[in-house]
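Beneath this line is the structure, given in structure tokens, with notes to follow.
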Amino acid sequence: MESNTVSNDADASEAPAGANRPVSLSDEDDLDEFVADADVALVEFYTDGCGICASMEPVIGNVARGADADLAVGTVNPRDDPPLVERFDVRSVPLFVLFVDGEPVARRAEGFIPGDELTAWVDEHAA
């Protein structure tokens with residue numbers, strides 16, 4: 001039984017940042033570092049008070065666990081760092097941007113997206 005605990009601890013320490021739940025990113029520098037450290041990263045741009053954004057948080061956590069890709073997931077409020085609005089052309093939230101090898105490869109801004117659909121989208125663009 002003890003070996004299972006050790007094994008699980010080792011697995012958890014090897015998991016990429018954001019593997020189990022979204023990582024909160026505070027600004028452009030955090031975002032750049034986060035996506036640079038991950039092979040595949042999904043970032044949700046949100047704003048405080050956005051009900052749809054809040055409802056997506058548990059969904060994107062499930063996507064991180066269910067995607068075929070080794071996926072890191074982060075969230076950032078572009079109002080906290082206005083250059084992000086222009087850089088990523090944020091016109092509505094939630095906005096999802098998928099990064100592969102540090103580069104944005106796909107984006108979606110369609111309101112609430114069911115987990116299975118978001119997972120399929122990530123897998124399609126991360127391949």
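Where does each of 32-42, 68-78, 96-106 land if you order them by average Cβ count within 10 Å, highest first?
68-78, 32-42, 96-106
Amide H of ALA106: which non-local residues (sequence gap of 5 or more, or other chain) have their own amide H closer than 5 Å, using H built in the peptide plane?
The list, which skips near neighbours in sequence, is LEU98.
Which distance in nm do the two modelled labels at ASP39 and GLU117 give, with both placed 7 Å along the Cα-to-Cβ direction?
Going by the 7 Å Cα→Cβ label model, 2.8 nm.
Compute, for the stretch 39-127, the length of the dipole vector about the Cα centre, with Cβ point charges of +1 (Lys, Arg) and -1 (Asp, Glu) only. Units Debye, rounded to 20.
It works out to roughly 280 debye.
Return the loop-located trypsin sites (Lys or Arg not before Pro) in the stretch 63-127 (DSSP other than H, G, I, E, B) with at most 16 other Cβ atoms within 10 Å of their own Cβ; answer none if there are none. Spell out each step's value before the answer.
Working: sites: ARG65, ARG79, ARG87, ARG91, ARG107, ARG108; in loops: ARG91.
Qualifying residues, ordered by number: ARG91.
Test of understanding: express the Cα radius of gyration of the stretch 17-58 as a ratio to 2.2 N^0.38 Å, with N the residue count. Provide the component values of the computation, followed by the final result.
Values: Rg = 11.0 Å, N = 42, 2.2 N^0.38 = 9.1 Å.
Expressed relative to 2.2 N^0.38 Å, the Cα Rg reads 1.21.
Taken together, the values in this text are just the output of simple stated rules run on the coordinates, not laboratory data. Here the structure is a predicted model, which is why all the values come from computation and not from measurement. Neighbour counts run over all protein chains shown; Cβ positions are idealised from the backbone, glycine included.
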